[in-house]
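The values are calculated or read from the model by the stated rules, or taken from the named source; none is laboratory data. Predicted model only: the values in this text are computed from it and were never measured. No Cβ is skipped: glycine too gets one built from the backbone with ideal geometry, and neighbour counts run over all protein chains shown.
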Amino acid sequence: MKNRISFWNKILGAILILVGIIPIYLILCIYPFKGFNSFIESLKWAFTESCDKDLHIIGTMCFFTGLIIIINDRIKNNKIKK
């Protein structure tokens, strides 16, 4: 039963990380081509002036939530093995 829960935690974490990567991809690959002089300028635009800033906030939350789920699962598995 614990292996099944661990498996689904890893799947959920991976899905959340992939969902969170989409806004990061947009910032890194698409926004610099909009004529910004620097990466920091494109980050400021993405989180303040863009129409889809909610997408970035939600994506960032999903990314870190996925990381926390996977790290938490790994820590629990290490404690159980000892």
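Residue check: is PHE64 among the aromatic types (Phe, Trp, Tyr), assigned to a helix (DSSP H, G or I), modelled with pLDDT of 85 or more and exposed (fewer than 14 other Cβ atoms within 10 Å of the Cβ)?
yes
If you check LYS53 against the conditions, is it of a type in the set (Lys, Arg), more than 30 Å from LYS76 (Cβ to Cβ) and either at pLDDT 75 or above or out of contact with any Ser or Thr (no Cβ under 7 Å at 6 or more places or on another chain) (or both)?
So LYS53 fits the description; yes.
Only one of (1) at pLDDT below 75; (2) in a helix (DSSP H, G or I); (3) loosely packed, with under 11 Cβ neighbours inside 10 Å is not met by ILE27, so which one is it?
Failing condition for ILE27: (3).
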